[in-house]
Amino acid sequence: MSSPDKGIEKFIRSDLITLGGYSTHKSPDTLKSVPAEKIVKLDANENPYGCSPKVQKALSGYNRYNIYPDAGQNKLRKQLQTYTGIDAANIIAANGSGELLNDILYLLLEPGDEVINCIPTFDLYRLRTLINRGKLVNVLRNADDFSVNVSAVTTAITPKTKLIILTNPNNPTGNVISVGDIKELLDTGIPVLVDEAYYEFCGETVAPLIDKYHNLMVLRTLSKWAGLAGLRVGYGILPSQMVNYLLKIKLPYNVNVAVQVAVEESLKDMDYLQRNVKAIIAERERMTGELNKLQFLKVYPSRANFIFCAVLKGEAKQIQQELQDRGILVRYFDQLLVKNGIRFSVGKPEHTDSLIKALREIGNKT
Ligand SMILES: *Cc1c(COP(=O)(O)O)cnc(C)c1O
């Protein structure tokens, strides 16, 4: 019946056939020139110090993988209440904060509803909006410092606007948005999602405003500060009504038992994890100074665990490739306002040293 050349594809949603996907970071195993253990991985903002050793210890002795996790995440949400100081009724966890973003869009969007996205920013917002049949309304940030153009955002609001997404600090640019600006957008009454994936490196949060604004949602993750990117766990701080609906629509066992153990152990080892966060922040400042000495880069101040630079001489794509040839992985960008930009995650001091040495060599040639 079906023509063999079309095959299964003719059954797939036409809007998804043409969708441009999410570009994930490079897996170290895919580099042929440099052995995996020698690779300096500064491309995905991962924690160079790893997770708490307590996590590994607890998981090696864990033997209840045959039992489903608690779908209501009750113990986990209580633990996150202790960590955040926010009531568990306002908290829900997910298999990475990206999953929660997706569930929020799934819950809010009718086909054609609009999501305001302040670009350049994290590409996942675009992708999940389109996959959930939303319409993306891109508002360009201010060119000089990547701050959010608040009046342009309010102007972009229409009767179809269901969500405004803000990232604080922003990825890939590292800058923060002020509480005043966030409040101005909250005052529009439109739901505002503030992605605080890098909160622990920045220290600024709007989470306590959850009691005052019925339209505020905050996304957090343990991928970065707690070094759990590979296990997948994020959470949201939201109006309790949103939490109840999200509990209803999410896949029941989305946060697995290994994650529940890992979060419990991580929160028992705060001194250790906070020491690592402090080391990363200190290294960010040192790295900013070192990068500033390179004439061919313009360095933007960062409040996260990565640093964004505009390439003034040469090409970001080529610099990325030359670093990769030396076993150093970074990300380059070519979207609006970040054309010829490059982002370096903050690693350990020795990673910075390798990066700076390589950048000097590359810079001397151009
Ligand atoms: C890394 C990152 C996240 C984390 O996503 P997870 O799915 O929790 O790993 C979320 N938002 C931004 C902006 C990020 O850079």
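Given a 10 angstrom Cα cut-off, can you work out which residue in 79, 335, 320 is the most mobile in a GNM of the chain?
Fluctuation is largest for 335.
Order these by the 10 Å Cβ neighbour count, fewest first: 195, 123, 103.
Final ranking by Cβ density, sparse to dense: 123, 103, 195.
Separation of the range 146-221 and the range 64-133 by C-alpha centroid, Å?
Here the answer is 15 Å between Cα centres.
Arranged from highest to lowest average of other beta-carbon atoms within 10 Å per residue, in what order do the peptides 211-218, 141-148 appear?
211-218, 141-148
Can you give the translational diffusion coefficient of the chain in µm²/s, computed by Stokes-Einstein from the Kirkwood radius over Cα pairs at 20 °C and 1.002 mPa s?
Estimated diffusion coefficient is 98 µm²/s.
Take each of the peptides 347-354, 245-252, average the number of other beta-carbon atoms within 10 Å over its residues, and list them starting from the highest. Walk me through the intermediate numbers first.
On the way: 347-354: 17.0, 245-252: 14.0.
Result, highest mean first: 347-354, 245-252.
Across the Cα atoms of the range 72-161, what radius of gyration and what greatest pairwise Cα-Cα distance (Dmax) are found, in Å?
Answer for the range 72-161, Rg first and Dmax second: 15.9, 45 Å.
Gain in length, residue 247 to residue 15, computed as 0.36 nm per residue apart minus the alpha-carbon separation, to one decimal in nm?
Extra length from residue 247 to residue 15 when fully extended: 80.7 nm.
Given a Förster radius of 30 Å and the C-beta distance between residue 136 and residue 184 as r, what FRET efficiency does 1/(1 + (r/R0)^6) yield to the nearest 0.05?
That pair, residue 136 with residue 184, gives E of 0.85.
By average Cβ neighbour count within 10 Å, what is the ranking of 155-167, 254-266, 51-63 from highest down?
Result, highest mean Cβ count within 10 Å first: 254-266, 155-167, 51-63.
Just to compare against my own numbers: the Cα pair-distance distribution for the range 289-366, 5 Å bins, whole % per bin, please.
Bins of 5 Å from zero give 3, 16, 30, 31, 15, 4, 0 percent of pairs.
Based on the alpha-carbon set only, what is the convex hull volume of the range 109-238 divided per residue, in Å³?
About 107 Å³ per residue, rounded to a whole number.
Going by how many other Cβ atoms sit within 10 Å of their own, how do 8, 307, 319 line up, fewest first? Before the final figure, lay out the partial values.
Details: 8 7, 307 26, 319 23.
The most exposed by this proxy come first: 8, 319, 307.
For the chain, return all DSSP H helices satisfying: extent of Cα atoms along own axis at least 24 Å; mean Kyte-Doolittle hydropathy at least -1.0.
270-292, 349-365
Could you go through the range 34-41 in sequence order and give the Karplus-derived ³J(HN,Hα) for each residue, using 6.51 cos²θ - 1.76 cosθ + 1.60 with θ = phi - 60°, rounded to whole Hz, and x for Gly and Pro?
With the stated coefficients, the range 34-41 comes to 10, x, 3, 6, 8, 6, 9, 9 Hz.
Quick one: order 287, 242 by neighbouring beta-carbon count within 10 Å, fewest to most.
By the 10 Å Cβ count, ascending, the order reads 242, 287.
Can you tell me the equivalent ellipsoid semi-axes for the range 30-106? Use √(5λ) from the Cα gyration tensor, largest first, whole Å.
31, 19, 15
Counting only Cα, what are the radius of gyration and maximum Cα-Cα distance Dmax of the range 142-215, in Å?
12.2, 36
Throughout, read-outs are computed from the coordinates displayed, never taken from laboratory work. Please read all numbers here as calculations on a predicted model, not as lab measurements. When we count neighbours, we look across all protein chains shown, and the Cβ atoms used for this are built from the backbone with ideal geometry, even at glycine.
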